[in-house]
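A short worksheet on the structure shown next.
The values are calculated or read from the model by the stated rules, or taken from the named source; none is laboratory data. As the structure is a computational prediction, the values presented were derived from the model and not from experiment. No Cβ is skipped: glycine too gets one built from the backbone with ideal geometry, and neighbour counts run over all protein chains shown.
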């Protein structure tokens with residue numbers, strides 16, 4: 001029987017929400033890793049029972065967790081009894097070892113001075129499209145790592161961080177995070193990533209070299225509004241049927257590219273605010289996109305205290321507000337960049353989590369909404385898995 | 001036998017109870033106790049000391065017999081009451097909100 005599993009990362013643990021295909025009655029399982037920050041949980045597209053979770057704490061640093069049974073049980077990869085001893089008889093335990101390749105160098109700090117690259121945490125885990133043991137990690141300070149052994153060990157794809165523009169990258173308010181990783185389903189050598197606040201980048205050679213793809217972005221809050229890098233890109237999204245079209249929620253502005261990021265144009269249109277964090281795409285309609293307008297970078301809550309998802313069925317510019325079932329007064333939560341997701345059932349389900357701990361779901365492509373759960377810790381990320 | 005008391009979050013990570021017991025070969029020092037702990041519970045590697053530098057993480061503290069030994073050199077021998085298991089070696093998370 002088909003159904004949906006939502007993987008929810010919060011400030012104080014992970015939760016797994018499950019439902020049948022009707023998506024009306026949900027079971028809430030958790031917290032897993034109670035008390036730890038869970039920035040992201042995501043499943044492999046080729047083995048939905050293989051999940052990866054980024055667990056972290058200011059005290060004890062980064063942990064990677066892996067489940068091979070859809071979230072029922074978890075392990076830190078490389079810590080099972082058979083993994084305990086390496087060839088030299090020494091313990092492994094390297095699933096949380098994220099070490100920059102070579103001398104890390106420096107990037108720009110908030111005050112304009114240069115600051116050493118320092119690993120802080122994994123923001124986003126992106127399993128590959130064809131191998132459950134192959135997974136990418138986007139980290140703070142911004143870099144891309146990959147594991148080919150199911151998360152037991154990690155190596156940096158350092159061509160990105162060592163790009164000539166690296167010293168000009170700077171942290172956004174949440175840190176200098178690599179938060180978006182998109183793999184082109186038609187070209188395994190092509191990936192897109194985005195960094196706040198550096199911008200979007202593309203590789204066409206499997207991660208060896210990277211090109212900034214920020215032409216057309218305009219950011220008034222940086223010294224050169226049209227700079228090659230330095231833009232605070234909040235999230236990017238791609239529909240798998242149309243890999244050359246990208247949508248972007250920038251700090252301000254909704255942007256669209258139809259040439260794999262070589263150029264962008266603004267499609268904010270009639271939105272009440274074009275500031276926000278998440279952006280996502282309908283599973284079956286590549287021109288239907290969703291955003292959650294937030295009043296401003298100073299306020300970080302919805303305009304007028306009304307939580308509204310906006311949907312464009314034309315790939316941007318023309319937007320309709322979706323409010324049925326969402327609070328329309330006294331609502332001052334935020335929706336973070338990885339906290340919106342879609343399932344691939346018919347009709348498309350769409351879900352998002354808030355900093356107030358609610359996870360809202362719609363089983364009719366956004367026309368109506370229900371709170372699946374209301375009182376979780378602040379939600380950092382939501383990922384949907386459509387189960388057959 | 002050396003008794004080590006872990007902070008709550010590391011107990012859940014290592015799936016152990018209030019304290020763990022370790023055998024340390026040779027002189028028991030801050031470093032050799034942590035080495036033995038990480039060898040027995042490899043999921044703790046990187047959570048107490050940095051993987052590369054082996055430096056104590058900033059918000060982790062070590063206590064012995066009521067004394068803060070966090071800033072002692074790694075090769076500092078531990079007192080007999082710890083090495084014979086009379087008193088535990090405490091690893092604590094700094095009180096820093098959250």
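The set of residues from the stretch A:288-343 being closer than 15 Å to residue A:235 by Cβ and in contact (Cβ under 8 Å) with a residue 60 or more places away in the chain comprises A:290, A:292, A:297, A:309, A:316, A:337, A:338, A:339, A:340, A:341, A:342. Tell me, yes or no, whether the stretch A:85-103 has at least one residue that is surrounded by 15 or more Cβ atoms within 10 Å (Cβ to Cβ), more than 12 Å from chain B (Cβ to nearest Cβ) and at pLDDT 95 or above. No: the stretch A:85-103 contains no residue that is surrounded by 15 or more Cβ atoms within 10 Å (Cβ to Cβ), more than 12 Å from chain B (Cβ to nearest Cβ) and at pLDDT 95 or above. Within the stretch A:243-265, the set of residues being surrounded by 15 or more Cβ atoms within 10 Å (Cβ to Cβ) and part of a strand (DSSP E or B) comprises A:246, A:247, A:248, A:249, A:250, A:252, A:254, A:255, A:256, A:257. Given the criteria surrounded by 19 or more Cβ atoms within 10 Å (Cβ to Cβ), under 12 Å from the mean Cα position of the chain (by Cα) and at pLDDT 95 or above, does residue B:60 qualify? Spelling it out, residue B:60 is indeed surrounded by 19 or more Cβ atoms within 10 Å (Cβ to Cβ), under 12 Å from the mean Cα position of the chain (by Cα) and at pLDDT 95 or above. Taking the numbered list (1) surrounded by fewer than 22 Cβ atoms within 10 Å (Cβ to Cβ); (2) in contact with a helix residue (DSSP H, G or I) (Cβ under 8 Å, 6 or more places away or on another chain); (3) in contact (Cβ under 8 Å) with a residue 24 or more places away in the chain in turn, residue A:63 passes all entries but (1).
Kindly indicate whether any position in the stretch B:16-33 is on the phi > 0 side of the Ramachandran plot, touching a helix residue (DSSP H, G or I) at 6+ places or on another chain (Cβ under 9 Å) and within 14 Å of chain A (Cβ to nearest Cβ). No, the conditions are met nowhere in the stretch B:16-33. Scanning the stretch A:288-307 turns up at least one residue that is under 24 Å from residue A:386 (Cα atoms), modelled with pLDDT of 95 or more and surrounded by fewer than 22 Cβ atoms within 10 Å (Cβ to Cβ). Looking at A:111, A:47, A:101, just one residue is more than 20 Å from residue B:12 (Cβ to Cβ) and out of contact with any strand residue (DSSP E or B) (no Cβ under 9 Å at 6 or more places or on another chain), and that residue is A:111. Only residues that are touching a residue at least 12 places away in the same chain (Cβ under 8 Å), within 12 Å of chain A (Cβ to nearest Cβ) and part of a helix (DSSP H, G or I) were counted across the stretch B:35-87, and they come to 5.
Taking the stretch A:66-83 as the search range and keeping residues that are buried (at least 20 other Cβ atoms within 10 Å of the Cβ) and either modelled with pLDDT under 95 or at the interface with another protein chain (Cβ under 10 Å from one of its Cβ atoms) (or both), which one is farthest from the chain's Cα centre (by Cα)? The extreme case among them is A:79. Kindly establish whether residue A:270 is surrounded by fewer than 16 Cβ atoms within 10 Å (Cβ to Cβ), in a loop (DSSP other than H, G, I, E, B) and out of contact with any helix residue (DSSP H, G or I) (no Cβ under 9 Å at 6 or more places or on another chain). For residue A:270, the condition - surrounded by fewer than 16 Cβ atoms within 10 Å (Cβ to Cβ), in a loop (DSSP other than H, G, I, E, B) and out of contact with any helix residue (DSSP H, G or I) (no Cβ under 9 Å at 6 or more places or on another chain) - is met. For the stretch B:1-15, the set of residues classified as within 14 Å of chain A (Cβ to nearest Cβ) and touching a helix residue (DSSP H, G or I) at 6+ places or on another chain (Cβ under 8 Å) consists of B:6, B:10, B:13, B:14, listed by residue number. Those residues that are touching a residue at least 24 places away in the same chain (Cβ under 8 Å) and in contact with a strand residue (DSSP E or B) (Cβ under 9 Å, 6 or more places away or on another chain), I need them from the stretch A:197-211; list them, please. Passing the criteria: A:197, A:198, A:199, A:200, A:201, A:202, A:203, A:207, A:209, A:210. Scan the stretch B:88-98 for residues that are part of a loop (DSSP other than H, G, I, E, B) and in contact (Cβ under 8 Å) with a residue 12 or more places away in the chain and jot them down. Matches in the stretch B:88-98: B:88, B:94, B:96.
The stretch A:1-52 holds strands (runs of 3 or more DSSP E) entirely within its bounds, and those carrying 3 or more residues that are away from chain B (no Cβ under 14 Å) and under 12 Å from residue A:385 (Cβ atoms) map to A:3-10, A:13-20, A:37-43.
Restricting A:240, A:223 to those that are part of a loop (DSSP other than H, G, I, E, B), surrounded by fewer than 17 Cβ atoms within 10 Å (Cβ to Cβ) and touching a residue at least 12 places away in the same chain (Cβ under 8 Å) reduces the list to A:240. What about residue A:383, is it assigned to a strand (DSSP E or B), out of contact with any helix residue (DSSP H, G or I) (no Cβ under 7 Å at 6 or more places or on another chain) and surrounded by fewer than 20 Cβ atoms within 10 Å (Cβ to Cβ)? No: the conditions fail for residue A:383.
Look at residue A:8 and say whether it is within 15 Å of the chain's Cα centre (by Cα) and modelled with pLDDT of 95 or more. So residue A:8 fits the description; yes.
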